[in-house]
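Each reported figure results from applying straightforward, stated rules to the coordinates on display, with no laboratory input. Note that the coordinates shown come from a computational prediction; the quantities given were computed from them, not determined experimentally. Note: ideal-geometry Cβ built from the backbone for every residue, glycine included; neighbour counts use all protein chains shown.
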Amino acid sequence: MLNFTIRRLIIAVPTLLFIAVVIFGLLQLAPGDPMAQVPLTVPPEVKERMREALGLGQPIHIQFWKWLVQFFWVEPQVLIDHIFGSHFADGKLRVLSWQTRSPVMDIVVQRMPQTLWVVGMSYIVGILIALPIGIYSAYRQYSIFDQLGTFIAMIGFSVPTFFTGVLLIVIFSVNMDHGSFWWFPSIYDTTLKVTDWASFGQQIRQMAMPVTVLALYNAAQISRFMRASMLDNLNQDYVRTARAKGVGERAVVMVHVLRNSLIPVVTVIALGVPQVFGGAIITEQVFKVNGLGQLLIGAIEANDLPMVQTLTFIFAVLIVLFNLIADVLYGILDPRIRYD
Amino acid sequence: MKLKTVLLGAAAAFAMAPAAMAERGADGHVNVIYWQAPSILNPYLSGGTKDIESSSIILEPLGRYDPDGNLVPFLATEIPTVENGGVSEDLTSITWKIKPDLLWSDGTAFTADDVVFTAAYCMDPEGGCAQLSKFNGIKTVEAVDPLTVKITFETPQPNPYGAFMGGQSPILQKAQFENCTGGRAAECTEANFNPIGTGPFVVDEFKPNDVISLSANPNYRDPAKPAFATMTFKGGGDATAAGRAVLETGEFDYAWNLQLAPEVLEQMAKGGKGETVTAYGTLVERIEMNLTDPSPDLAPDIRATVAAPHPILSDLNVRKALSMAIDREILVEIGYGSAGRATCNLVPAPEMYASPNQDCIPQDIEGAKALLDEAGWTDSDGDGIRDKDGKKFHLLFQSSTNAVRQNFQDAIKAWWGEIGVETELRNVSGSVFFGGDAGSPDTFQKFYADVEMYANNFDGTDPQAYLAQYRCGNEPKPSSQWQGENINRFCDPAYDALLDELAKTGELEKRGEIAKRLNEMLTKDTYTIVPLVDRGRVSGHSNTLGGVALNTWDSELWNVADWYRIKE
Amino acid sequence: MTEPTHTPKPVAPTGATLAGGPLPEPMPSAPPRSQWVDVWHQFRHHKGAMAGGIVFLFIVLAVFLGPYLWDLDPSKIDFRARNNGPTWAHPFGTDQLGRDMMARLMAGGQVSLAVGITAMLLALFLGSLVGILAGYFRRLDNILMRITDLFLALPLLPLLLVMVLLFREPLSATFGIETGIFILIVTAIGVTSWMPTARIVRGDVLALKEREFVLAARSIGTTNLMMILRHILPNVISPIVVSATLGIANAIITESALSFLGLGFPPDFPTWGRLLFDAVDYMQQNPERVVMPGIAISLTVLSVNYLGDGLRDALDPRIRGR
């Protein structure tokens, strides 16, 4: 397993480089122009000057090389400087966003808290809801509870978040009285700092609606998945054997079946983690959370190529990393899998 | 009717303002939401409206336009004119006098050197300044004394109020930006995010594309203003959400540009937490006719260029018929409600430049049919679509992606269907459509379609540069990397001659006459441009926010120093 | 507003299910026909599956045959009847241009169902193919899984823009405008949503490969192709079915986001996702406008889900006959 992990880590380097090249090529090929958001009142020759100032006129391979150097050489130095107070990166050009003319990584770091709070929390809540529902639905397959669970899960999955989000806002922000306990803010305040219980309460309140919307969506998927996995295991011979041995029903389900059923579920949960960092574009937009998802979609709309390139590359690193983790977990949890 | 009362209400509130407050910071906190989030607070590095408007809270120009389009001094003592001697008789120089004892928010003195520096900053060839056109034709900018700036032009300028006028070209502090000129402009993140200004508020924290936290400028020139101690300027989401936050949930005090379907806005206004305000500027939603052939069968260097005239739309009667089939009043009703007016003009305002032409307003389906018959387009095979010489009357109609535009496209397609014209619709993402990517077939400049719809306006109150866009040779073409502003590929030597005359004319009345004539040559005479709706700006503010005076000629936040909390 | 169009989706929308426990007996070796008769027999006795099938059939019929009974033109604009609530003339009300919502729902359903099902099938095909090949042939595993990583990492929006840029005109020229765009959208959605299926199928195949029945089959000289078709594929049908269910919903919603971004069908082409999206702003005045397309999408997904459940149970020899 260790061998396998090391080998995969080594392979990850060329893979990621290749992904970086493909992303870069794709972005270059895609139509669009960072000047699209500049009003039409600005004449074309001025726009041309602005493009030049962004470095757009340079040959493509030079642009790519610059990005590589900035991302892999300068940015780590900035991080080291930040931690140890050294001055390696002084005066070196970092990856600059075209929209804000500021370092991309600074903005990414700025966006991290709200994305982790909202999207991360909704993932955890989603998992916590989904597992028991999935287990019980499978155990009592085709019972009322199972049917209801299926129904809700399917609704949760098939109704898009741009609808559920707005629905919650209309109910809890518009129609509730402002002073009432059931009133929740429709706009997420990213400047809120949690310093005491009151501000913690405020943070919980402003997270409530976006987390609910996303958790419903996440739970819908994971519960389907848990149920299917449980169903497969409940019919296996070892379950019959365990029952025949006189093992208690509770132990059969919660120990033998659940453990085996969790193997694929755990790996899929691991595979979903990079997407937490990717943010939830619609939900972030509906509640103005302005996290990483909103950052990416805004950058794509503004054709802010350094930002898009850096963000997608970070996601790519996370995806490759968590795929590896999922594979390793799979191997550890299921000894029958042989990678070598 | 409703609009009028709203405007009157706003005006009344404005008039009452001075009485309602007396002390800086007495009214606490104000929340503003822009559904497009500001990216940078230096308007010279980004032409985006969101960035210009957000920075206008912090940075100020020498003079601004007021809601009626008049020039009002801000950092200057008065607006220089030929009468008061500020503008030279030959129109080649303008001299601004700066108010004495002005301080930057960091407490240092504001001088003419800062103004001179700002000009140098923007005119630096390496800097990629977004407002460079404001500094067009400037020979020198010099500080005559610490409170006097003289701008000399290379040629006489009938409109010398480009630089330092309006939200697009405010004054930057020399001390802060000294090391940020030219190629280094982009590296000064700290300065670009926290510019030191003379405006009513200073930046406490700026989170790009998200939120700005501001507080009152302790050195603001009026000791009683601003009434608010702090401000949160939130960005992001969409117009619906912004409208809801102000009109329905009451979480925010001011929402910018609520471009929503009229009935949606009406429903929100029932929330009772706030009201909408409307004002008109020069923004006109129009259909542009392609005078050149966009057929994909043509070679790339001929397609959509003047070398290939359009097979259908080159005929004036056809263009006129297409315009006649449109009911502009209904378009206003479905798309803009009280925030739009049907118009036949490319230049709808200011009044002295706006032609009185109203001919296009009544829809005339029968007349359109007759015109097409006359032009030789008849339905010879009885399939409901006109044809001529075996060619179907088929148009490709493109626009940017936007709910209102798609409704318009659907409605216009239906009307054109009634007169026997088959229309194929296409919508293109705004980031592609309005971008100038020469490699994309979908930009509005390349115009690989027969007709297209979008909106455009001009900065300030003078339409000269705007009308000059339609000069022969200014069309997008392969040799200019498809850059150019003459989208229709319109070309008329008489038009160009009249443009030259306009550039030489200083007398306002005469200028108005020429501009009206030019406007009519593009619209009523040739139907090259088919204006549809004169689009107003709608913004919303809460019932407790006073002092709002919606301005379409300048930044909407131009008078944010005068805003105050209405006590209940 | 682009969640579904963008690669990061909250969770991989599929289920790996057979990976866990041992499978006791090899697949029955009766002749295929009787096996399929068995499958059909089991399927018919699955209440959920039959209900799902009937509802799905009803939706398909309503959407494709409905326009013959309800013959209002979905694109007929009537400015006098804008934003009407339900009336006898317009049972589901009208939209902001006075178009009949019932006719639009039916027209939209044709597009959405066609896109949803084709894109889902394409994604399933690609996902299963890559998953099985990667799991079964160790040599291909690494390269195929790295390609999967690549596709997971690609930003969907620029990818679509590039596809539109490169292929719109040639496709429109060859197949006509509507079919051209249909192919483009289905391919775009299919090509960008097969990865989770591939990963999960691969995981299952990896586990199956080590099982006794596979060894037994190999010992009697079964070829790789037969092994995959007879022994591997039937055993990974369960995660594939779950993928299918979620895939349809995903495709329908992704399509709506694409049209919203100007990358989808032309604006005069109603689809369920688009109807729903357009109606969200009118949620307070005309709730039926959001509810109807929402119900249509949910019902479709639900019915496909039950169909899938039934199919999976019917294909499982251990459940069959219970």
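At an R0 of 22 angstrom, the distance between the Cβ atoms of A:D196 and A:V109 translates into a FRET efficiency of 0.35. A straight line joining the Cα centroids of the stretch A:116-154 and the stretch C:203-253 runs 26 Å. Can you check what the net charge comes to around B:L75, using other residues whose Cβ is under 9 Å from the Cβ of B:L75 (Lys, Arg +1; Asp, Glu -1)? Here the charged neighbours net out to +1. Averaged over the residues of A:314-322, the number of partner chain Cβ atoms lying within 10 Å of the residue Cβ comes to 4. Only helical runs count toward this figure. For the protein assembly as shown, summing -39,500 (n - 2.57) over DSSP H runs of n ≥ 4 and dividing by all residues gives -15000 deg cm²/dmol at 222 nm.
Only lysines eight or more places from C:K209 in sequence, or on another chain, were considered; none has a Cα closer than 27 Å. Taking a Cβ cut-off of under 14 Å around B:P218, the surrounding Lys, Arg, Asp and Glu residues balance to a net charge of -1, with basic ones at +1 and acidic ones at -1. At an R0 of 35 angstrom, the distance between the Cβ atoms of B:K391 and B:N136 translates into a FRET efficiency of 0.20. Between C:K76 and A:Y238, the distance separating the two model label sites (each 7 Å from Cα on the Cα→Cβ line) works out to 6.5 nm. Of all aspartates and glutamates in the structure, the ones whose alpha carbon falls short of 17 Å from that of B:K524, not counting any fewer than 8 places away in one chain, are B:E285, B:E288, B:D315, B:D327, B:D359, B:D364, B:D492, B:E513, B:D534. By the Cα gyration tensor, chain A has an equivalent ellipsoid whose semi-axes, rounded to whole angstrom, run 42, 29, 18 from largest to smallest.
For chain A, the longest principal axis of the C-alpha atoms and the axis of helix A:2-29 are separated by about 50°.
Take the Cα of A:Q77, step 7 Å toward its Cβ, do the same at C:W88, and the gap between the two points is 8.1 nm.
For the listed peptides B:516-525, A:310-319, a ranking on the average number of other beta carbons within 10 Å per residue, highest first, reads A:310-319, B:516-525. With Cα atoms defining each centre, the stretch B:67-84 and the stretch B:412-477 are spaced 35 Å apart in the structure.
Kirkwood analysis of the Cα pair distances in chain C returns a hydrodynamic radius of 21.5 Å. Taking all Cα pairs closer than 8 Å and separated by 6 or more residues, the relative contact order of the stretch A:108-333 comes to 30 percent. Loop-located trypsin sites (Lys or Arg not before Pro) in the stretch A:1-97 (DSSP state not H, G, I, E or B) with no more than 16 neighbouring Cβ atoms inside 10 Å: A:K92. Computed over the Cα atoms of the stretch C:64-187, pair by distinct pair, the Kirkwood hydrodynamic radius stands at 18.0 angstrom.
Between the beta carbons of C:R138 and A:H61, assuming R0 = 22 Å, the FRET efficiency works out to 0.05 to the nearest 0.05. Take each peptide in B:182-194, A:282-294, count the other Cβ atoms within 10 Å of every residue, and average; sorted highest first, the result is A:282-294, B:182-194.
Annotation for the stretch A:76-122: chymotrypsin sites (Phe, Trp or Tyr not before Pro) lying in DSSP loop with at most 16 further Cβ atoms inside 10 Å of their Cβ are A:F88. A straight chain from B:S213 to B:E513 at 0.36 nm per residue would run longer than the Cα-Cα distance by 103.3 nm. Are any of the pairs B:K99/B:K510; B:K320/B:K391; B:K50/B:K477; B:K150/B:K174; B:K320/B:K392; B:K388/B:K413 more than 22 Å apart by Cα-Cα distance, and if so, which? In this structure, B:K99/B:K510; B:K50/B:K477 lie more than 22 Å apart at Cα. Close Lys pairs in chain A (alpha-carbon distance under 29 Å; sequence gap of 8 or more, or different chains): 4. In a GNM of chain C with a 10 Å cut-off on Cα contacts, which of C:I248, C:I220, C:I297 has the highest mean-square fluctuation? Result for chain C, Cα springs under 10 Å: C:I220 fluctuates most. Between the stretch B:155-181 and the stretch A:235-255, the C-alpha centres lie 81 angstrom from each other. Rounded to the nearest 10 degrees, the angle from helix B:365-374 to the longest Cα principal axis of chain B is 50 degrees. Leaving out same-chain residues fewer than 8 places away, which lysines sit with a Cα under 20 Å from that of B:K567? By straight Cα distance, B:K567 reaches B:K225, B:K273. Extents of the stretch C:204-281, taken as max minus min of Cα coordinates on every principal axis and listed largest first, are 63, 20, 14 Å. Across peptide A:231-239, the mean count of Cβ atoms from other chains lying within 10 Å of each residue's own Cβ comes to 6.
Label-to-label distance for C:L129 and A:V69 is 4.3 nm, based on points extended 7 Å past Cα in the beta-carbon direction. Counting only Cα atoms, the stretch A:33-102 measures 47, 24, 16 Å along its principal axes, largest extent leading. Note on the stretch B:498-568: Rg/Rh from Cα positions, Kirkwood definition for Rh, rounded to two decimals, is 1.22.
Note on the protein assembly as shown: the C-alpha convex hull projects to 50.2 nm² when averaged across all orientations. Across every pair of non-identical alpha carbons in chain B, the mean reciprocal distance, once inverted, gives a Kirkwood radius of 25.2 Å.
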